[in-house]
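Here the structure comes first, spelled out in structure tokens, and everything after it is commentary.
What follows draws every value from the coordinates through simple rules; no lab data is involved. The structure displayed is predicted, hence computed values, not measured ones. Cβ atoms come from the backbone with ideal geometry, glycine included; neighbour counts cover every protein chain shown.
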Amino acid sequence: MILPEFIEREALIKAVRIMPRTIRPELVRYSTVQAIIDKQPAADVVEVVRCKDCEYAKEYKNKLFCCYYPTTPESISSNDFCSYGIRKDGDGE
């Protein structure tokens, strides 16, 4: 599975802001901006699986529970996430 690359927003903004001031804004080409973006390092991120999309999350009486540890299920929020999350459709660990 190929994961998307993410760029740190602040690093990109800083790189674009320090473009040579001698270039008139109307003359800046897409290729120039693209070259700056391509030079930015990808951020160290991991895609998360929200509890609402996790195969370990089970609904009971209008509450969502994490059943990763079936002996002690805990009530969770649908937007929570953890390192054990696996998508219900099996497309992400």
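What list of ³J(HN,Hα) values in whole Hz, one per residue of region 74-83 in order, does the Karplus curve 6.51 cos²θ - 1.76 cosθ + 1.60 (θ = phi - 60°) give from phi, with Gly and Pro shown as x?
10, 5, 9, 8, 5, 8, 5, 7, 8, 6
Sorted by packing (mean other beta-carbon atoms within 10 Å per residue), highest first, where do 79-85, 10-16 land?
79-85, 10-16
Can you list the lysines whose alpha carbon is less than 23 Å from that of Lys52, not counting same-chain residues fewer than 8 positions off?
Lys61, Lys63, Lys88
Give the peptides 56-66, 35-45 in descending order of average Cβ contacts within 10 Å, highest first.
For the peptides 56-66, 35-45, the packing ranking is 56-66, 35-45.
In terms of modelled amide H atoms, which long-range or inter-chain residues lie less than 5 Å from the amide H of Ile7?
Long-range HN contacts for Ile7: Ala43.
What residues qualify as long-range amide H neighbours of Ala57, i.e. H under 5 Å apart, gap of 5 or more or another chain, H built at 1.01 Å from N?
Under 5 Å from the amide H of Ala57 lie the amide H atoms of Cys67, each far enough along the sequence or on another chain.
Show which lysines lie in cross-link reach of Lys39 when reach means a straight Cα distance below 23 angstrom and same-chain residues fewer than eight apart are skipped.
Lys14
Taking H placed 1.01 Å from N in the peptide plane, check which residues at least 5 places from Phe81 or on another chain put their amide H under 5 Å from its amide H.
Answer set, sorted by chain and number: Cys51.
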